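Structure first, commentary second.
Laboratory data are not the source of any read-out in this text; all were calculated from the coordinates shown. Fair warning: this is a prediction, and the values are worked out from it, not measured in the lab. Note: ideal-geometry Cβ built from the backbone for every residue, glycine included; neighbour counts use all protein chains shown.
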Amino acid sequence: MQFLEKDMEGIVNEFLKTPEINWQPSDLLPESTSENFSEDIKELQAQCRELPYDYLAVLVGDVITEEALPTYETWLTDIEGIDKLKPEGWSRWMRLWTAEENRHGDLLNKYLYLSGRINMRQMEISTQYLIADGMQIGAARDPYRNFVYTSFQELATNISHRRTATLAKQYGNNQLSKICGVIASDEMRHAKAYKSFISKIFEIDPSEMMLAFEDMMRKKIVMPAHFLRQSGEKIGSAFTHFSDAAQRLGVYTTIDYTDIMDSLIVDWKIADITGINDAAEKARDYLMALPDRFRKVAERNLKAPIPYEFNWIK
C-alpha cells in the first residue's frame, strides 16, 4: 500500500469534497424552524402514500445498508498496509469517505421517519443487527481484493439509488427522487475513485492485481447487507427477500451484476494489460469469458419470489 501514498492527496482532492461545499441532509429536508414546517411534512407524507410495498422494502434495505458505516470503516481501516493513526494518505481517504457516506443514512433515515410509512423501531433493530453481525466479503485484509470489492459495490449502489430516484419520480415523489439522485451521484464519484486505485495498481503490479480480480469474481461479490435480518430471525434471512423486491422492481438485478463486471473489464483494460505471468494470463482468459457465461446463467435462473412480510413497513 505504501507505494500509492504519494498519489493519495491528488485522489482525495479529485474525488472528495469538503463539508462546506458538500450537500448536507438538512438541505434536502423540510426546515424545522420554518413557519411552513407542518405543511411541508403533510406534503411529504402525501407524496409517500402512493409508494408501493416493494419500493418501500428496497428503500428501507438501502437505508439499513447505508447506516452500517461503523462496520465499513472498521473493515477498510484494517486493510493490510493502512496505518489508521496517520493523518494523511490512505487513512485520511478512509475518514473522508466515511464522512461523505455518513450523510446518506442520515438523510434517508430522517426522510423515512417523516414519511409515516415505516415502523422505525423495527428498522432500527435491523440496523443494529447488521452492524453487530458485521460482514464477510471474501477479501480478508488484502488491499487488491478489497478495492475490487469497493469498485464493484459502489457501482452497484449507484445503480440502486439511481433507479429508486427514477421510480420515485414516476410515483410523483419529486423530493424523494432528488434525495436518491444526489446519493447516487456520490456513489458514482466514489466508484471512480476506487476504480482509479485499481488502475494504478495494474500499472505497478499487474500479475497480482489480475489474480486478485479473478479471485473476487470467482467468489462472487456479495452486497454489504448480505447478513440483513429482521427481529427474531436468523442472520441473513431478510436479504434474499430484499433482493427479490429489488429484482421485481428492476432496481438491482442479476443482469446489472453482469453489466458491472463487464464494465470493470473494459475500464481496467483487462484485454490490453501486458507484462503478466502465466497464472495471470489464465486469470485474464477466465475474466474475459466470464460476463457472457454469467449472463446466460442469470437469464436461466430467474426464480419466483417467496412470499414474505417485512415488519419495517406499516
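Descriptive notes on the structure:
- Using θ = phi - 60° and Karplus 6.51 cos²θ - 1.76 cosθ + 1.60, couplings along the stretch 253-261 (whole Hz; Gly, Pro as x): 10, 5, 5, 4, 4, 5, 5, 4, 4
- Separation of the stretch 283-298 and the stretch 255-279, taken as the distance between their Cα centroids, equals 10 angstrom.
- Reported label for calculated Cα extents along the principal axes in Å given [x] 70, 53, 39; [y] 65, 48, 35; [z] 84, 57, 29: [y]
- A cut-off of 5 Å between modelled amide H atoms, ignoring neighbours fewer than 5 places along the same chain, links I313 with N119.
- Rounded to the nearest 20 debye, dipole of the stretch 182-314 from Cβ charges on Lys, Arg, Asp, Glu: 520 debye
- Evaluated over the Cα positions of the stretch 1-92, the convex hull gives a direction-averaged projected area, one quarter of its surface, of 9.1 nm².
- Between F152, C48, I137, the Cα set farthest toward the positive side of the dipole of the stretch 37-300 (charges on each charged residue's Cβ, about the Cα centre) is that of C48.
- Normalised by the number of residues in the stretch 123-250, the mean separation of alpha-carbon contacts (under 8 Å, six or more apart) gives a relative contact order of 33 percent.
- Placing unit charges on each Cβ (+1 for Lys and Arg, -1 for Asp and Glu) gives the chain a dipole about its Cα centre, and among T18, H241, N277 the Cα reaching farthest toward its positive end belongs to H241.
- Between helix 37-48 and the chain there is an angle of about 70 degrees, using the helix long axis and the longest principal axis of the Cα atoms.
- Couplings for the stretch 275-292, taken from phi via the Karplus curve 6.51 cos²θ - 1.76 cosθ + 1.60 with θ = phi - 60°, read x, 9, 7, 4, 5, 5, 4, 5, 4, 4, 4, 4, 5, 5, 8, 5, x, 5 Hz in order; Gly and Pro are left as x.
- Here's the list of lysines a cross-link from K220 could span, going by alpha-carbon distance under 26 Å and ignoring same-chain residues fewer than 8 apart: K192, K195, K200, K234, K269, K282, K296, K303.
- Relative contact order, whole percent, for the stretch 37-300 stands at 22, derived from Cα pairs under 8 Å and 6 or more residues apart.
- Each Lys and Arg adds +1 at its Cβ and each Asp and Glu adds -1 at its Cβ; summed about the Cα centre, the stretch 37-300 shows a dipole of about 480 debye.
- Phi angles across the stretch 109-125 convert, under the Karplus curve 6.51 cos²θ - 1.76 cosθ + 1.60 with θ = phi - 60°, into 3J(HN,Hα) values of 4, 5, 4, 5, 4, 6, 5, x, 9, 10, 7, 5, 5, 5, 4, 5, 5 Hz, Gly and Pro given as x.
- Normalised convex hull volume, the stretch 52-167, alpha-carbon set, Å³ per residue: 113 Å³
- Alpha-carbon centroids, the stretch 96-134 and the stretch 152-219: separation in whole Å: 20 Å
- Mean residue ellipticity (222 nm) of the chain, computed from DSSP H runs ≥ 4 via -39,500 (n - 2.57), nearest 500: -22000 deg cm²/dmol
- Gyration tensor (alpha-carbon) shape descriptor, the stretch 111-239, a/c threshold 1.5: oblate
- Loop-located chymotrypsin sites (Phe, Trp or Tyr not before Pro) in the stretch 245-314 (DSSP state not H, G, I, E or B) with no more than 15 neighbouring Cβ atoms inside 10 Å: Y308.
- Dimensionless Rg over Rh [the stretch 109-162; C-alpha; Kirkwood]: 1.11
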